[in-house]
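Since the structure comes first, as structure tokens, the remarks are kept for the end.
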């Protein structure tokens, strides 16, 4: 009986077996793996108006995300939000993300361009999809300040920023840094994107939103065919005719893999459940 160790070929194959899909990666299994999941937002709709003179916010629009299946600590976060119909006057809005039960929160942007209470802030509009995450070059406050009144802040990727009306408003911030302390249990549940309008007379709505979160990188187990972080039982046999058969213990049944090393076709993996 010949045994062959895993060899790196850079090829990945996906095979559907019943209702399940198995990913078999022909590569060194010491690489790190992590989960990145996108959660769609619910409770979309119009943003309630604020008060006269931009003195206090109106009722909030609470967009919600049902989050589950993540480990801790969190290492990646991205928020996408689409304004349609557009919301006039960027400086009116306060947009804050809350973890379940409000254990952690992070200002996405708030009172953009406002330097004191009651200041209306930047007058550009919000129209289209905006994406907020760490590591992108977009400066929200600088871009909004360059937009003429009644023009729109260009859709695209931006960093989050500290709230206006306060000293140091508009500074670039890190969303991940605010959320990293959360445990796996604290990550699970209903996340809330709270949007409040501080000024009267302006309108707009949230037409779509999504929250993408990634948990901590962790070492992948060798021959972890079902992705549970534990090495699966693998037997390699030399079948008649020189072809190799790999048996992987992936509940509820054993999966059989046959390779194409002997034929020279390194991409000809097949799999079936006996």
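For this structure, a couple of remarks:
- One decimal place: the segment residue 35-residue 183 gains 51.8 nm when fully extended, by the rule 0.36 nm per residue minus the C-alpha distance.
- Across segment 36-214, C-alpha contacts under 8 Å between residues 6 or more apart give a mean separation that, scaled by the residue count, equals a relative contact order of 42 percent.
- Packing-based exposure ordering (other Cβ within 10 Å, fewest first) of 64, 35: 35, 64
- Residues 39, 65 in ascending order of nearby Cβ atoms (within 10 Å, fewest first): 39, 65.
- Rounded FRET efficiency, nearest 0.05, which uses the C-beta distance separating residue 68 from residue 208 and R0 of 22 Å: 0.60
A short reminder: the numbers here are calculations on the coordinates, not readings from a lab. For clarity, every value in this text was computed on a predicted model and none was experimentally measured. Neighbour counts run over all protein chains shown; Cβ positions are idealised from the backbone, glycine included.
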